[in-house]
Amino acid sequence: MLEEFFGAYFNPDWQLDAVNASEVVAEYAGHTPLNQIQGVVTSLRELLAEPLDEQALHDLLRQKYSSYYDPRQAGTTMRAWLTELERHVASGDGSTFPRMPRSSC
């Protein structure tokens with residue numbers, strides 16, 4: 001489930017489709033069936049339950065899930081960003097997701 005989410009919404013060209021990560025979450029929430037959103041939320045919770053350090057999380061997101069968003073560029077950790085991501089995807093509304101600026105890989 002996370003492969004599809006990150007690969008589709010945080011791919012190498014994600015910044016061509018959105019100004020920031022907040023817009024990506026809003027786009028996803030506005031165009032995705034509830035059962036898929038619930039699947040992503042469950043998968044994010046499972047990922048966050050893993051005892052991985054920051055570098056391992058970053059590597060996993062890039063290598064396994066093809067995510068090209070780097071929250072370190074926005075001054076936050078991967079775990080903190082994933083926690084906020086899970087919370088806002090679960091709410092079904094990206095409009096309150098922290099306005100994180102564009103970041104590079």
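The values are calculated or read from the model by the stated rules, or taken from the named source; none is laboratory data. Since this is a predicted model, take the numbers as computed values, not measurements. No Cβ is skipped: glycine too gets one built from the backbone with ideal geometry, and neighbour counts run over all protein chains shown.
Given the criterion among the aliphatic types (A, V, I, L, M) and at pLDDT 95 or above, identify the matching residue among 34, 57.
Testing whether each residue is among the aliphatic types (A, V, I, L, M) and at pLDDT 95 or above leaves just 57.
Can you tell me which residue within region 84-94, out of those that are in a helix (DSSP H, G or I) and in contact with a helix residue (DSSP H, G or I) (Cβ under 6 Å, 6 or more places away or on another chain), is modelled with the lowest pLDDT?
94
How many residues does region 1-50 hold that are under 13 Å from the mean Cα position of the chain (by Cα), part of a helix (DSSP H, G or I) and among the hydrophobic types (A, V, I, L, M, F, W, C)?
16
Yes or no: residue 28 within 18 Å of residue 69 (Cα to Cα), free of Cβ contacts under 8 Å to residues at least 40 places away in the same chain and not hydrophobic (A, V, I, L, M, F, W, C)?
Here the answer is no, as residue 28 does not meet what is asked.
This table checks each residue for (1) at pLDDT 90 or above; (2) surrounded by fewer than 18 Cβ atoms within 10 Å (Cβ to Cβ).
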| position | (1), (2) |
| --- | --- |
| 25 | no, no |
| 29 | no, no |
| 40 | yes, no |
| 46 | yes, yes |
| 53 | yes, yes |
| 67 | yes, no |
| 76 | yes, yes |
| 96 | no, yes |
